[in-house]
């Protein structure tokens with residue numbers, strides 16, 4: 001396998017004309033659509049909603065803080081699951 005060759009993380013599309021880099025991940029046009037990325041208007045709507053809640057209760061997070069918190073939680077969950085699977089693979093190979 002050629003490691004330097006780019007392919008979509010989701011469907012393995014390899015045609016460079018259909019691929020783009022999204023935040024460090026290679027994604028094809030078809031899979032980009034399936035990701036359901038928000039439009040700027042939707043992001044602003046959510047940010048405004050969080051800001052109204054924060055105005056009423058300053059202890060509540062802003063939308064940016066909530067997104068950052070979720071990314072940290074997701075990263076920790078991913079690491080824990082990866083360690084578990086690596087442990088299982090190691091035990092299977094060494095038993």
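The values are calculated or read from the model by the stated rules, or taken from the named source; none is laboratory data. Everything numeric in this text was worked out from a predicted model, so none of it was measured. Neighbour counts run over all protein chains shown; Cβ positions are idealised from the backbone, glycine included.
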Reported set for region 50-67 where residues are touching a residue at least 12 places away in the same chain (Cβ under 8 Å) and either out of contact with any helix residue (DSSP H, G or I) (no Cβ under 6 Å at 6 or more places or on another chain) or more than 30 Å from residue 8 (Cβ to Cβ) (or both) is 50, 51, 62, 64, 66
Tell me, yes or no, whether region 50-58 has at least one residue that is modelled with pLDDT of 95 or more, under 22 Å from the mean Cα position of the chain (by Cα) and surrounded by fewer than 10 Cβ atoms within 10 Å (Cβ to Cβ).
-> no
Just one of the numbered conditions (1) loosely packed, with under 10 Cβ neighbours inside 10 Å; (2) in contact with a strand residue (DSSP E or B) (Cβ under 9 Å, 6 or more places away or on another chain); (3) part of a helix (DSSP H, G or I) is not true of residue 17; which one?
-> (2)
Taking region 22-45 and keeping residues surrounded by 11 or more Cβ atoms within 10 Å (Cβ to Cβ), under 18 Å from the mean Cα position of the chain (by Cα) and in a helix (DSSP H, G or I) leaves 29, 30, 31, 32, 34, 43
